[in-house]
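So the structure is just underneath, and the comments pick up after that.
The values are calculated or read from the model by the stated rules, or taken from the named source; none is laboratory data. Every value quoted in this text rests on a predicted model; they were computed, and no experiment measured them. A quick note on method: Cβ atoms are made from the backbone with ideal geometry, for glycine too, and the neighbour counts reach across all protein chains shown.
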Amino acid sequence: MLDIKNLHVKLEEEDKRILKGVDLHVDAGKVHAIMGPNGSGKSTLAYVLSGRDGYEITEGAVALDGEDVLDMEPEERAAAGLFLAFQYPIEIPGVGNMTFLRTALNAQRKARGEAEVSAGEFLKLIREKAKTLQIDPEMLKRPVNVGFSGGEKKRNEILQMAVLEPRMCVLDETDSGLDVDAMKLVADGVNALRDAGRSFLVITHYQRLLNHIQPDVVHIMADGRIVKTGGPELALEVENNGYADILAEVA
Amino acid sequence: MALRKIDHEAVEARLSALDLPQGPSWAAAARRDALERVRAGGLPQRRDEYWRFTRPDSLIQPEPTPAQVLREEGSEIFSGIDRLRIVFRDGVFDPEASDDLAAEGVAIERVAQSGDIHWARDLYGKLEVRGQEPVSRPLAALNTAFATDGLLIRATGKVRRPVALVYLHEQEQSDAILHHVVKVEEGAELTLLETGPAAARFNTVTEVEVADRATFHHVRAQGRDHERRAVTHVFARLGGECVFKCFTLTANGMMTRNEAVIELAGDDAVAHVAGAAVGDGDFHHDDTVFVTHEGRNCESRQVFKKVLRNGATGVFQGKILVRQSAQKTDGYQISQSLLLDGDSQFLAKPELEIYADDVQCSHGSTSGAIDEDAMFYLRSRGVEQSDAQDLLTLAFLAEAIDEIDDRMIAEDLVTQLERWLSRRRR
């Protein structure tokens, strides 16, 4: 599914190297978690995958099912099936949530040469998905993320994922700012989307989220590299002992 | 004060290209008075306080600069709304294309064909004169003198169908001058719609008297012909407990000057003036608004938004004058521009002048670029860059469009705007 090879990234505006050779391979249907201390480059990796400006790729490659991702515009990546659930979802005053989602869905379908979804079909689809995520229909009418609580914003990200049905989902600290109940709701939403043809890259600080979203593989990232890879037990080790031990071990 | 020679010559040159209309007889005095005022006061000059940001040249030169006629595809704006449609081609009334002017609750006549004794005598040129103080508006006086036609609309009840004026532009060098008078009687309700580019050069004055407890909605869509030029004036006098709302959508046009002069004479009245403009390249759009509060406990709102690109210029000059009698005034004014590139500019001059001590007045003006985070967010969900820009443009204009009460009319304008935006890209 996703192949990241020796990825080196620096900030465009200053001479600061952030990713220093990331190698990562995610198979179809698998859930990978990336954990790591603050400043290790986790969010940068998520942004670079989604095509955000401000980063310069100095070396390496990223492929989605063999297709070069780094050459694509953000909207092309989305149409190819890549999705980033933002750590801080953006507020867009004046654009209704429904309009936003329908525009996005139809833009992706158009880019893939598929027929657009009619207003009626879309309404049905969105109501059904919103219900499972316990999203109030009122929230769908409001402008994108404006006045949403932290939990609502994150649920809205998962709703978008459920509607757009990407094959490679990157979740950037989706658990941050969530209480236990909200986290469970978000995790249930993610689990409902788990499928043999869909992969997840779950970026998180804490093991907590991984109790709800069981990963197949756990990576530890530090100083711009993946320094250790293991099974779910690796997350527990972080929870119990912190990052210091692991970092000392690989140093 | 006598005019300088050069200004005198400019006035005479402009007047020589015009014929003073013969009728109607009831308007003759107002026309003569207006002509005298133009002769004495001259035409707008760049040095005039309210013409510093907008060059009046193309609006005052004797002959209009030719403007290419744009053939609009698709349906006419407001075609989905049950309306009484009245058509002017380059400023000339077209009876064939227009609906029957007879309608329930409203009397509509043409200026050029009205009877000898007429109610409009008390309004024609009268509100315009009142609006000349403290800021002179010579192009409105010129209009009063030389308007070839226009409508006299008197609403006596709740008028169900909006009266829709459709201004078609078909000749490249047309110079149209129309003068409308609207009287909304006590407790009556009227919606006036105006659409279309009208002419190569269009000068229109609309005088509106809104009586006590009456409601007047005015929605305009100034068409897209790129080379057209227009100067419009709305003069309104409001009675007590009445509602006046005016909204204008402008797309393209090399020169548009929209002036609104609103006088809140009665108590507890509401006046909203709003505008949304989208301009590209040689686009110059100027909203000049003057709201005077006389009555107590009135509310006024000015909401203006402009999206500018490729060197387009937007101007906003908005004033709220609160006289000593106007206690408990609630005045609000906002003007904002979205600059899609570094070449475009927005010039704003908000003014408050307050003589009453128990009032609430606020104003704000901003200029900004498109929100890059929002842009990326949309693109990351698959929306193409140009579509994302349109979506954010519409979102920016939404606050002004929201000033329109009628949802059907507002949605029609948004649909039109979407079409205009997507066509611009092709």
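Within the range B:49-76, the set of residues being assigned to a helix (DSSP H, G or I) and either surrounded by 16 or more Cβ atoms within 10 Å (Cβ to Cβ) or under 19 Å from the mean Cα position of the chain (by Cα) (or both) comprises B:TYR50, B:TRP51, B:SER58, B:LEU59, B:ILE60. For the range B:362-382, a residue qualifies if it is in contact with an Asp or Glu (Cβ under 6 Å, 6 or more places away or on another chain) and part of a helix (DSSP H, G or I), and exactly one does: B:ARG379. The sole residue among B:ASP90, B:ASP57 that is at negative phi and acidic (Asp, Glu) is B:ASP57.
Taking the conditions (1) surrounded by fewer than 24 Cβ atoms within 10 Å (Cβ to Cβ); (2) touching a Ser or Thr at 6+ places or on another chain (Cβ under 8 Å) in turn, B:LYS245 satisfies each one other than (2). What about A:VAL144, is it crowded, with 19+ Cβ neighbours inside 10 Å and more than 20 Å from the chain's Cα centre (by Cα)? Answer is no for this residue. Comparison of A:MET139, A:MET72 shows that the only residue that is more than 10 Å from chain B (Cβ to nearest Cβ), out of contact with any His (no Cβ under 7 Å at 6 or more places or on another chain) and in a helix (DSSP H, G or I) is A:MET139.
Can A:GLU114 be described as at pLDDT below 95, surrounded by fewer than 18 Cβ atoms within 10 Å (Cβ to Cβ) and more than 9 Å from every other protein chain (Cβ to nearest Cβ)? Judged against the criteria, A:GLU114 is a match. When the range B:379-426 is examined, which residues are found to be more than 21 Å from the chain's Cα centre (by Cα), small (Gly, Ala, Ser) and facing chain A (nearest Cβ under 7 Å)? Correct list: B:SER380, B:GLY382, B:ALA395. Among the residues of the range A:75-86, those that are within 8 Å of another protein chain (Cβ to nearest Cβ) and either surrounded by fewer than 22 Cβ atoms within 10 Å (Cβ to Cβ) or in contact with a Gly (Cβ under 6 Å, 6 or more places away or on another chain) (or both) comprise A:GLU75, A:ARG77, A:ALA78, A:ALA79. Across the range A:87-100, the number of residues qualifying as more than 7 Å from chain B (Cβ to nearest Cβ) and either in a loop (DSSP other than H, G, I, E, B) or free of Cβ contacts under 8 Å to residues at least 24 places away in the same chain (or both) comes to 5.
Here's the yes/no breakdown for (1) modelled with pLDDT under 95; (2) polar (S, T, N, Q); (3) touching a Lys or Arg at 6+ places or on another chain (Cβ under 8 Å); (4) closer than 18 Å to A:VAL95 by Cα:
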| position | (1), (2), (3), (4) |
| --- | --- |
| A:GLN134 | yes, yes, yes, no |
| A:PRO143 | yes, no, no, yes |
| A:LYS153 | yes, no, no, yes |
| A:ASN156 | yes, yes, no, yes |
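Would you mind stating whether A:ALA162 is facing chain B (nearest Cβ under 9 Å) and assigned to a helix (DSSP H, G or I)? So A:ALA162 does not fit the description; no.
Residue check: A:ASP188 meets all listed conditions (1) closer than 21 Å to A:SER43 by Cβ; (2) surrounded by fewer than 19 Cβ atoms within 10 Å (Cβ to Cβ) but one, namely (1). When the residues of the range B:347-378 are filtered to those that are within 14 Å of another protein chain (Cβ to nearest Cβ) and of a type in the set (Val, Ile, Thr), the one that is surrounded by the fewest Cβ atoms within 10 Å (Cβ to Cβ) is B:THR366.
Confirm whether A:LYS129 is more than 14 Å from every other protein chain (Cβ to nearest Cβ), free of Cβ contacts under 8 Å to residues at least 12 places away in the same chain and out of contact with any strand residue (DSSP E or B) (no Cβ under 8 Å at 6 or more places or on another chain). In short, no.
Selection over the range B:176-189 of residues that are assigned to a strand (DSSP E or B) and surrounded by 22 or more Cβ atoms within 10 Å (Cβ to Cβ) gives a count of 9.
For the range A:57-66, which positions are surrounded by fewer than 14 Cβ atoms within 10 Å (Cβ to Cβ) and of a type outside the set (S, T, N, Q)? Within the range A:57-66, A:GLU59, A:ASP65, A:GLY66 meet the criteria. Would you check which residues across the range B:275-294 are crowded, with 21+ Cβ neighbours inside 10 Å and either modelled with pLDDT under 95 or among the β-branched types (Val, Ile, Thr) (or both) and list them? Passing the criteria: B:VAL278, B:GLY279, B:PHE283, B:THR288, B:VAL289, B:VAL291, B:THR292. Could you go through the range A:24-34 and let me know if any residue there is in contact (Cβ under 8 Å) with a residue 12 or more places away in the chain and either within 14 Å of chain B (Cβ to nearest Cβ) or over 28 Å from A:PRO232 (Cβ atoms) (or both). Scanning the range A:24-34 turns up no residue that is in contact (Cβ under 8 Å) with a residue 12 or more places away in the chain and either within 14 Å of chain B (Cβ to nearest Cβ) or over 28 Å from A:PRO232 (Cβ atoms) (or both). Only one entry of B:GLN132, B:GLN222 meets the criterion of being within 16 Å of the chain's Cα centre (by Cα) and among the polar types (S, T, N, Q), and that entry is B:GLN222. The strands (runs of 3 or more DSSP E) found entirely in the range B:282-361 that carry 2 or more residues being touching a Ser or Thr at 6+ places or on another chain (Cβ under 6 Å) and hydroxyl-bearing (Ser, Thr, Tyr) are B:330-339. Looking across the range A:48-64, the residues that are within 14 Å of chain B (Cβ to nearest Cβ) and of a type in the set (Ser, Thr, Tyr) come down to A:SER50, A:TYR55.
Applying the selection to the range B:122-167, what residues are part of a helix (DSSP H, G or I) and buried (at least 20 other Cβ atoms within 10 Å of the Cβ)? Of everything in the range B:122-167, those that are part of a helix (DSSP H, G or I) and buried (at least 20 other Cβ atoms within 10 Å of the Cβ) turn out to be B:LEU127, B:GLU128, B:PRO138, B:LEU139, B:ALA140, B:ALA141, B:LEU142, B:ASN143, B:THR144, B:ALA145, B:PHE146. Contact map, the range A:159-179: residues that are over 15 Å from A:LEU64 (Cβ atoms) paired with residues that are part of a strand (DSSP E or B) and of a type in the set (Ser, Thr, Tyr), Cβ distance under 7 Å, separation 6+ or inter-chain. Pairs shown: A:GLU173/A:THR204; A:ASP175/A:THR204. Scanning the range B:234-262 for residues being part of a strand (DSSP E or B) and closer than 24 Å to B:GLN68 by Cα gives a total of 8.
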